[in-house]
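Participant: I'd like to ask some things about the structure below.
None of the figures in this text is laboratory data; all of them are computed from the coordinates on show. Computed from a predicted structure; not experimentally measured. For neighbour counting, all protein chains shown are included, and Cβ atoms are generated from backbone atoms with ideal geometry for every residue, glycine included.
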Amino acid sequence: MPVKFALVVIACLLSSQALAQPSVQINTSLGAIVVELDSEKAPRTVANFLEYVKSNHYSGTVFHRVIPRFMIQGGGMTRDMQEKPTRAPVRNEADNGLANEIGTIAMARTADPHSATAQFFINVANNGFLNHTSKDERGWGYAVFGKVTQGMEVVNKIAKSPTWPGDVPTQPIIIESIVLK
């Protein structure tokens, strides 16, 4: 009997961990990307991202900045390169121990470390120089809040897209929707 009870407890713990780490599917005009979000290490950032997901903010936006061997950025511009309105910025959580490595998703921001709203990027290289090093303007870094678990081939296809000056793809790469999995 104690062994069965222990197995039930372990199963419950594993399912609660699975619930704590939501996944989303980014449906693009080039295919689907599945991302597991880390709500344990980046709770505010994940909550912010999921609010945009639930409000369908990302539907019809584009990957508007594509730099091979660096990253692909999207979530804030329409197909005609108009910036979508956003909510208030989220506090930077880049000091959470997660690193800007290949396949991770992080928040885009301005020079202000606490300015991230809806735009995100997916790293296509190990970008250690984007990691948190200190709590000052130069060291805050960019908050990683998840990782690609399926569809890295789609990410790489996007990263290889031809671009105009300014790193804008010559053919729009549409984010058709982002949905909870």
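Participant: Identify all residues within segment 27-45 that are outside any loop (DSSP other than H, G, I, E, B), touching an Asp or Glu at 6+ places or on another chain (Cβ under 9 Å) and on the phi < 0 side of the Ramachandran plot; write none if there are none.
Facilitator: Of everything in segment 27-45, those that are outside any loop (DSSP other than H, G, I, E, B), touching an Asp or Glu at 6+ places or on another chain (Cβ under 9 Å) and on the phi < 0 side of the Ramachandran plot turn out to be Asn27, Thr28, Pro43, Arg44, Thr45.
Participant: Which of the residues spanning segment 88-106 are under 19 Å from Ala118 (Cβ atoms) and either crowded, with 16+ Cβ neighbours inside 10 Å or of a type in the set (A, V, I, L, M, F, W, C) (or both)?
Facilitator: Ala88, Pro89, Val90, Asn92, Glu93, Ala94, Asn100, Thr104, Ile105, Ala106 - these are the residues of segment 88-106 that are under 19 Å from Ala118 (Cβ atoms) and either crowded, with 16+ Cβ neighbours inside 10 Å or of a type in the set (A, V, I, L, M, F, W, C) (or both).
Participant: Filter segment 123-156 down to the residues that are in a loop (DSSP other than H, G, I, E, B) and among the aliphatic types (A, V, I, L, M), then identify the one that is surrounded by the fewest Cβ atoms within 10 Å (Cβ to Cβ).
Facilitator: Checking each candidate, the answer is Ala125.
Participant: I want to confirm something. Restricting to segment 67-76 and keeping residues that are among the hydrophobic types (A, V, I, L, M, F, W, C) and surrounded by fewer than 22 Cβ atoms within 10 Å (Cβ to Cβ), which single residue is nearest to Ile173 (Cα to Cα)?
Facilitator: Taking segment 67-76 as the starting set, the residues that turn out to be among the hydrophobic types (A, V, I, L, M, F, W, C) are 67, 70-72.
Next, only the ones that are surrounded by fewer than 22 Cβ atoms within 10 Å (Cβ to Cβ) stay: 67, 70.
Values: Ile67: 14, Phe70: 17 Å.
It comes out as Ile67.
Participant: Which of the residues that make up segment 74-107 are outside any strand (DSSP E or B), closer than 17 Å to Val53 by Cβ and in contact (Cβ under 8 Å) with a residue 40 or more places away in the chain?
Facilitator: Hit for segment 74-107 is Val90, nothing else.
Participant: If you scan segment 108-133, which residues turn out to be β-branched (Val, Ile, Thr) and touching a residue at least 24 places away in the same chain (Cβ under 8 Å)?
Facilitator: Once the filter is applied, which keeps residues that are β-branched (Val, Ile, Thr) and touching a residue at least 24 places away in the same chain (Cβ under 8 Å), segment 108-133 yields Thr117, Ile122, Val124.
Participant: Return the residue satisfying two criteria in turn: it lies in segment 46-73 and is of a type in the set (Phe, Trp, Tyr) and in a loop (DSSP other than H, G, I, E, B), and of such residues it is nearest to Asn123 (Cα to Cα).
Facilitator: Among them, the one singled out is Phe70.
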